[in-house]
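The values are calculated or read from the model by the stated rules, or taken from the named source; none is laboratory data. What you see is a predicted model, and the numbers here were worked out from it, not measured in a lab. Don't worry about glycine lacking a Cβ; one is built from the backbone with ideal geometry, like all the others, and counts go over all protein chains shown. We work out accessible area using only protein heavy atoms, side chains counted, and drop any ligands, DNA or RNA first. Shrake-Rupley method; radii C 1.70, N 1.55, O 1.52, S 1.80 Å.
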Amino acid sequence: MDLKAYLKERKALIDSVLLTYLPPEPEFGKKLYEAVKYSLTVGGKRLRPILCLAGCEIVGGNRNDALTPACAIEMIHTYSLIHDDLPAMDNDTLRRGHPTTWVKFGEATAILAGDALLNRAFEVLADWEFDCNRKVKVISEIARASGMLGMVLGQQCDLDAEGRGDVPLEELLFIHKHKTGRLITASVVSGGITGGGSPEEIDALRRYGDSLGLAFQIIDDVLDVVGDQEKLGKNVGSDLEKGKTTFVTIFGVEKARKMAYEEVERAVEALSIFPAEKREPLEAIARFVVEREY
């Protein structure tokens with residue numbers, strides 16, 4: 001398949017509806033709205049919402065049914081980036097090739113913009129006119145991935161490990177399974193739930209997402225060392241500057257890449273229960289994750 005065309009078309013679909021999920025611009029407090037809109041529209045691959053749509057389709061669902069959870073997931077992902085970039089967290093000044101939200105709008109507004117996006121995501125999901133049983137399962141899946149059992153926990157563990165030279169592989173895997181992996185898994189799984197996937201299909205998508213999420217993070221670690229800052233749209237070398245333990249610091253670039261490819265093969269194998277023609281997009285996305293340069 002032509003993955004480039006596929007990703008471009010899906011990204012355009014997400015971009016065409018994403019801002020429609022925001023409330024009307026208020027009479028006062030316009031700076032908050034501007035910060036939210038800026039953060040949502042300054043680029044990004046839209047990988048997570050695309051995974052949500054693909055997860056819906058692979059189980060036989062209609063991708064349009066998954067647009068609401070897909071956009072909610074992108075709001076949550078964007079909120080996490082806003083907060084990750086803050087001086088109190090990673091102190092990054094560049095994101096997606098543009099100044100980070102806190103640099104452009106100030107720390108206080110950036111915090112509020114992240115809060116607004118997280119809460120708006122769940123407003124959107126609550127208002128979603130869809131099968132109630134599936135909707136509740138999707139909301140639960142996304143909530144667990146985003147909060148104290150997922151992304152937020154992973155971020156705290158990442159902060160706890162910063163500057164330590166004794167971080168074991170087990171702890172590093174825990175950090176990235178939660179900080180990065182859980183929302184990637186929730187993206188494809190929530191799509192599968194939306195599309196009416198069977199328990200066996202949902203389990204396969206969960207295993208796919210878990211391996212894909214780990215591969216994604218390993219390649220992120222590699223690109224932080226050997227990546228092109230202009231292509232990445234963010235500062236490179238920041239992990240080393242902050243004294244972070246990464247897959248590269250433990251294993252080196254080449255072995256880390258090999259680990260990422262092994263995880264991708266596990267992800268692809270998890271899809272074997274689906275017909276070949278249906279699993280092609282998710283297989284191609286998995287291979288893109290380890291071959292990307294941004």
Find the residue count for segment 50-70, including only residues that are among the small types (Gly, Ala, Ser) and open to solvent by less than 10 Å² (accessible area, probe 1.4 Å).
4
Subset of segment 6-43 (residues that are buried (at least 17 other Cβ atoms within 10 Å of the Cβ) and either in contact with an Asp or Glu (Cβ under 8 Å, 6 or more places away or on another chain) or of a type in the set (D, E, K, R) (or both))
Arg10, Ile14, Leu18, Leu40
Residue within segment 73-81 that is buried (at least 20 other Cβ atoms within 10 Å of the Cβ), among the small types (Gly, Ala, Ser) and within 20 Å of the chain's Cα centre (by Cα) present:
yes
Among the residues of segment 1-37, what is the count of those that are without any contact (Cβ under 8 Å) to a residue 24 or more places away in the chain and aliphatic (A, V, I, L, M)?
3
Scanning segment 95-120 for residues that are within 18 Å of the chain's Cα centre (by Cα) and modelled with pLDDT under 95, the one surrounded by the most Cβ atoms within 10 Å (Cβ to Cβ) turns out to be Arg95
First in segment 229-253 and part of a helix (DSSP H, G or I) and surrounded by fewer than 16 Cβ atoms within 10 Å (Cβ to Cβ), second anywhere and modelled with pLDDT under 90 and not hydrophobic (A, V, I, L, M, F, W, C), Cβ under 6 Å, 6 or more apart
Lys231/Glu293; Lys231/Tyr294
